[in-house]
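Notes follow once the structure below has been shown.
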Amino acid sequence: MTVDETKICDEIWEKYKPQLHKLCAIKLKRYPDEVDEVISEVFLALCEQVANKGVPEKPKAWLYGTFHNILNSKYREIYKAREKHVSLLDKEFKLPYTTDINKDIFDKIYGDELRQFLKTELNENEYRLVQYIYYEKLKMAEIAVLENTTEAAIKQRHYRLCNKLRWLADKLEK
């Protein structure tokens, strides 16, 4: 890149940098660490454009178009990284301080009573879902396979079941 090209690039950049930076900060408000990286990439793209193809005919339009392309790439990068992140809820692990003694005692005292209550208040499908989730500790995807349906349908049934159980608990308190 020649001295003249560097000067032209700097002039264009200084004119539009504050607006681009502000826009980028707004668009990436949930990811403030990424703002400087996106702005730097836009500046590098401008320098490359000036060095290889000359000054853009409409620098403002070119800069904003490039900014949006780079921003969209950054969003894709962020979401791909988020997808790779494994949630702790998806991992099976046992905490060192939990014991099955408390569970056994609870089951002995309340288990039969609770199961009987649930059998009388819930329909067959709801009770089966309670068994899968709370007694057998199956994941939603596993239940979906057993029920021959989608995971989303199981989640919806679980949501409705939780609402019904809340309603039943309120009814019992009164």
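Which values of log₁₀ I(q)/I(0), to two decimal places, follow from the Debye formula for region 26-80 at q = 0.23, 0.29, 0.31 Å⁻¹ with a uniform point scatterer at every Cα?
-0.88, -1.17, -1.26
Heavy atoms only, 1.4 Å probe, whole protein assembly: order H21, H158 by accessible area, highest first. Before the final figure, lay out each step's value.
Numbers: H21 70, H158 35 Å².
Descending accessible area places them as H21, H158.
Using each residue's phi in region 64-77, evaluate 6.51 cos²θ - 1.76 cosθ + 1.60 at θ = phi - 60° and report the 3J(HN,Hα) Karplus result to the nearest Hz, with x for Gly and Pro.
5, x, 5, 4, 5, 5, 5, 4, 4, 4, 5, 4, 4, 4
The values are calculated or read from the model by the stated rules, or taken from the named source; none is laboratory data. Here the structure is a predicted model, which means the values were calculated and not measured. What goes into the accessible areas is simple: the full protein's heavy atoms, side chains included, and nothing from ligands, DNA or RNA. Shrake-Rupley method; radii C 1.70, N 1.55, O 1.52, S 1.80 Å.
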